[in-house]
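Written below as structure tokens is the structure these notes are about.
The values are calculated or read from the model by the stated rules, or taken from the named source; none is laboratory data. Since the model is a prediction, treat every value here as computed from it, not as a measurement. Please note: Cβ atoms are built from the backbone with ideal geometry, for glycine as well, and neighbour counts cover all protein chains shown. Surface areas here come from the heavy atoms of the whole protein model, side chains and all, with no ligands, DNA or RNA. Shrake-Rupley method; radii C 1.70, N 1.55, O 1.52, S 1.80 Å.
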Amino acid sequence: MVELVSRRGRTLQRYNSGCRLVAGCIPYRFKKMDKPSLADIDRAIEVMVVSSQKGRELMFPKGGWELDESMQAAASREAFEEAGVRGKFEGKLGKWPSKEQDKIHHMFAMRVTEVLPQWPEMNARERKWVSVAEAREVCKHAWMSEALDKLQELLSTSSEQDNCSAQHALTPLTENSILSCT
């Protein structure tokens, strides 16, 4: 049984020099293609974006990193709560300050292994799979574009070096499927 409740409040929120620490991820999956090419990561992957609770803006799942969890656990929790996905972290993309300099966003690459039919914020947010190019158009913050650059760099490098990643590039992810490397 999955608990469908999001954490609320900021009593456990982490801060560093007055900046709120945020953890998040770019959930991605490999698309089904007739002739997949690892050299063309733009065409080979889709990323998930979610709508903001405050409006129609689209973004990657992210939220407060709390005192009782690791940075990756916070990013995983946010992906579950906001987007209804679970997955495997494939690397840290970096950290970026917000435009207002009041937050620091720590972002990870997360290969999605499960898309849940129900999730805590499903009535408050929409989720959508988009191409990397579409994500660049809809995500309004420059740091999100930089995080996408890092994701493409990470996947290009790992796909050249890791047979497991190459295997997954050839195996499409569908709703509720789980990928594993044997």
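Modelled with pLDDT of 90 or more, open to solvent by 20 Å² or more (accessible area, probe 1.4 Å) and of a type in the set (S, T, Y): which single residue out of S177, S158, S131 fits that description?
Unique residue meeting the criteria: S131.
Looking only at the range 56-100, filter to residues that are farther than 22 Å from Q152 by Cα and of a type in the set (K, R); which one of those is modelled with the lowest pLDDT?
R56
Can you tell me which residue is modelled with the lowest pLDDT among those in the range 18-35 that are surrounded by 18 or more Cβ atoms within 10 Å (Cβ to Cβ) and of a type outside the set (V, I, T)?
Step by step, filter the range 18-35, then rank; the result is F30.
Conditions tested, residue by residue: (1) of a type in the set (F, W, Y); (2) part of a strand (DSSP E or B).
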residue: G63; (1), (2): no, yes
residue: A74; (1), (2): no, no
residue: F80; (1), (2): yes, no
residue: K95; (1), (2): no, yes
residue: K99; (1), (2): no, no
residue: F108; (1), (2): yes, yes
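Looking only at residues that are within 28 Å of K31 (Cβ to Cβ), touching a residue at least 60 places away in the same chain (Cβ under 8 Å) and β-branched (V, I, T) in the range 64-123, which one is surrounded by the fewest Cβ atoms within 10 Å (Cβ to Cβ)?
T113
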